[in-house]
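The values are calculated or read from the model by the stated rules, or taken from the named source; none is laboratory data. Bear in mind the structure is a predicted one, so any value in this text is a computation, not a measurement. Counting neighbours? That spans all protein chains shown, and the Cβs are built from the backbone with ideal geometry, glycine included.
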Amino acid sequence: MTERTLAIIKPDAVGRHVAGAIMQRIEDEGFQIRAMRRIHLARREAEGFYAVHRERPFFHSLTEFMSSGPAIVLVLEAPDAIRKWRTLMGATDPAKADAGTLRKQFAESIERNATHGSDAADTAAYEIGYFFAGVELI
Ligand code: CMP
C-alpha cells in the first residue's frame, strides 16, 4: 500500500553538510519526495513536535538540540513508507544500527542521530500535519 511518512534531516546532519547525501539515499531507495522544507525550529515548536516524549529525561536536551540549527522536513511516499524509512534509518542509537543504514553512516549519538521518521500511521498523519498543509501535498 502506498503510504506517506514524515522524515526529518536533523540539525547535526544539516550542520555537517550531509543532507544532500541523505537525500540522494532517499531517492536511490525509491522514495518519492512529496514535500520538503528547510526550517529552524523554535524551542516551543520542537517541544510540540516531541510532546509524546515530554516526561522523558532527555526531553530538555532533545528539544534544545532540535532547535539548535536548521533542519529539513520531508514527506516521503512509497509502498510501506513508514517501515521502509525506519529500516533505512537504522536503530535510534547509532552504536546499534546495522551497516548500510543512515544512522550508522551519519549519526553522532543516540540524540544527535541524523534523521527522524514517524513510527506508525497515526503519528505519520500527526507529524505530516505539523509541518505541511494539505494543499502542499496534492
Ligand atoms: P527520533 O526518532 O527523532 O525520536 C525521538 C528522539 O529522541 C530520538 O530520535 C533521539 O534523537 C532522542 N532519543 C531517544 N532516546 C534517547 C536517549 N536515551 N537519550 C537521548 N536522546 C534520545
Return the residues of the range 104-138 that are part of a helix (DSSP H, G or I), buried (at least 16 other Cβ atoms within 10 Å of the Cβ) and among the small types (Gly, Ala, Ser); say none if nothing qualifies. Ala124
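Are any of the residues in the range 31-51 modelled with pLDDT of 95 or more, at positive phi and away from the ligand (no atom under 16 Å from the Cβ)? Full working, then the answer.
As a first pass, look at the range 31-51 and keep what is modelled with pLDDT of 95 or more: 31-51.
Filter again for at positive phi, leaving none.
No, the range 31-51 has no match at all.
Within the range 41-66, count every residue that is in a loop (DSSP other than H, G, I, E, B) and under 14 Å from the mean Cα position of the chain (by Cα). Working first, answer last.
Here is the first cut: in the range 41-66, the residues in a loop (DSSP other than H, G, I, E, B) are 41-42, 50, 54-58.
Applying the additional criterion that residues be under 14 Å from the mean Cα position of the chain (by Cα) yields 41, 50.
The number of residues fulfilling the criteria is 2.
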Residue satisfying condition, being out of contact with any helix residue (DSSP H, G or I) (no Cβ under 6 Å at 6 or more places or on another chain) and loosely packed, with under 15 Cβ neighbours inside 10 Å, within set Ala81, Ala91, Ala99: Ala99
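So in the range 80-103, with the set limited to residues that are of a type in the set (Ser, Thr, Tyr) and assigned to a loop (DSSP other than H, G, I, E, B), which one is nearest to the ligand (Cβ to nearest atom)?
The initial filter retains those residues of the range 80-103 that are of a type in the set (Ser, Thr, Tyr), namely 87, 92, 101.
This time we only want the ones that are assigned to a loop (DSSP other than H, G, I, E, B), so: 92, 101.
Values: Thr92: 5, Thr101: 13 Å.
The extreme case among them is Thr92.
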List every residue pair whose Cβ atoms lie under 9 Å apart, where the two residues are 6 or more positions apart in sequence or sit on different chains, the first residue falls within the range 53-82 and is closer than 20 Å to Asp12 by Cβ, and the second residue, located anywhere, is among the aromatic types (Phe, Trp, Tyr) and within 8 Å of the ligand (Cβ to nearest atom). Arg56/Tyr50; Phe59/Tyr50; Leu62/Tyr50; Thr63/Tyr50; Met66/Tyr50
